[in-house]
Amino acid sequence: FRRVLFRSYCEEITATNPCGEQVLPINGACLLGSLNLTKFVNEELTGWDYEALKKVIPVAVRLMDNVNDVTRLPLPEQEKQIKLKRRIGLGYMGYASALLMLRVRYGSKKAIKLTEELCEFVVNCTYQASSNLAQEKGSFPAFEKEKYLAGEFIKTLSQKTRDKIAKKGLRNSHLTSIQPTGQSSIYANNVSGG
């Protein structure tokens, strides 16, 4: 007996890995990367530098997508999964440090507002970058436009993003993930981790 936690047209989730930051199907694999938010605080120290994010996110998506092509996985089943879905997980680190730079208390209403705006921007920018990449390199092999666009999460994206996916496709089945960044954050000038 297997309890199914989630089912979509192209995969079934029955459990999460020990950390739980990336929900994966059987034999699933995902590479993770993080934006250091302390590098995206605007010069006025009033909010996020969205222009800088708009430049960096497409580069990060392209880099992570390319890693899918050169990564060696221990099992052939994992290799098949990574090629079929081209899953990536772009996340954040340095969130609490960035809030300190902004002089905003962690968990305050202002912090929540800044975070909601940031997440909406990053998610839509990331999906748009993957769609642009799909126009250049092709969509992930398991992509079925109507079924993908009918997904509950996809319906939360902006209309502009959904229109772009409908027109150009999508290079990666999954794009964002908030993962622990304990070691990464130490190497990134000791900013706050996940």
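The values are calculated or read from the model by the stated rules, or taken from the named source; none is laboratory data. Everything quoted here is computed from the prediction, not taken from an experiment. Positions of Cβ are backbone-derived with ideal geometry, glycine not excepted, and every protein chain shown enters the neighbour counts. Just the protein is used for accessible areas: all its heavy atoms, side chains included, with ligands, DNA and RNA removed. Shrake-Rupley method; radii C 1.70, N 1.55, O 1.52, S 1.80 Å.
General remarks:
- Charge dipole of the chain (Cα centre as origin; +1 on each Lys and Arg Cβ, -1 on each Asp and Glu Cβ, all else neutral): 280 debye, rounded to the nearest 20.
- Residues of the chain: accessible area per residue with a 1.4 Å probe, Å²: 57
- Within the straight-line cut-off of under 15 Å between alpha carbons, the aspartates and glutamates reachable from Lys137 are Asp65, Asp69, sequence neighbours fewer than 8 places apart in one chain being disregarded.
- Protein-only accessible surface order, largest first, of Met93, Met101 at 1.4 Å: Met101, Met93
- For the range 79-157, the set of GluC sites (Glu not before Pro) satisfying both a DSSP loop assignment and a count of at most 10 other C-beta atoms within 10 Å is given as Glu152.
- Element breakdown for the chain at a 1.4 angstrom probe: carbon and sulfur atoms account for 55% of the accessible area.
- Once the Cα-Cα distance is subtracted from the 0.36 nm per residue extended length, the Val67 to Lys137 segment shows a gain of 23.8 nm.
- Residue by residue, the range 146-162 carries 3J(HN,Hα) couplings of 4, 5, 5, 5, 7, x, 4, 5, 4, 5, 7, 6, 5, 4, 4, 5, 5 Hz when phi is fed to the Karplus relation 6.51 cos²θ - 1.76 cosθ + 1.60 (θ = phi - 60°); x denotes Gly or Pro.
- Assuming charge only on the beta carbon of Lys and Arg (+1) and of Asp and Glu (-1), the dipole of the range 70-168 about its Cα centre is about 140 debye to the nearest 20.
- Cα gyration tensor, the range 46-194 - rounded (a/c under 1.5), prolate or oblate: oblate
- The amide H of Leu31, built 1.01 Å from its N in the peptide plane, has Gly89 as neighbours under 5 Å, considering only residues 5 or more places off or on other chains.
- Derived scalar couplings ³J(HN,Hα) [the range 31-41; Karplus, 6.51 cos²θ - 1.76 cosθ + 1.60; whole Hz; x for Gly, Pro]: 9, 10, x, 9, 8, 7, 5, 5, 8, 10, 8
- Normalised contact order of the range 50-111, rounded percent, pairs of Cα under 8 Å and 6 or more residues apart: 25
- Volume per residue that the Cα convex hull of the range 25-115 spans, once the total is divided by residue count, Å³: 115
- For the range 15-160, the relative contact order works out to 29 percent when only alpha carbon pairs closer than 8 Å and six or more residues apart are counted.
- The label point for Phe153 and the one for Glu51, both projected 7 Å from the Cα toward the Cβ, are 3.2 nm apart.
- Shape category assigned to the range 17-68 from the gyration tensor of Cα positions, a/c cut at 1.5: oblate
- Lysines whose Cα lies under 18 Å from that of Lys54, excluding same-chain neighbours fewer than 8 positions away: Lys39, Lys160, Lys164
- ³J(HN,Hα) computed for each position of the range 122-137 - Karplus, 6.51 cos²θ - 1.76 cosθ + 1.60, integer Hz, glycine/proline x: 4, 4, 5, 5, 5, 5, 5, 5, 5, 5, 4, 5, 5, 4, 7, 10
- Remark on Trp48: its backbone amide H falls under 5 Å from those of Asn42, a criterion applied only to residues 5 or more positions apart or on other chains, H modelled at 1.01 Å from N.
- Theoretical FRET efficiency, 1/(1+(r/R0)^6), r = Cβ-Cβ of Glu120 and Glu146, R0 22 Å, to 0.05: 0.35
- Ser177 long-range amide H proximity, modeled H, under 5 Å: Leu90, Gly91
- For the chain, the longest principal axis of the C-alpha atoms and the axis of helix 76-85 are separated by about 70°.
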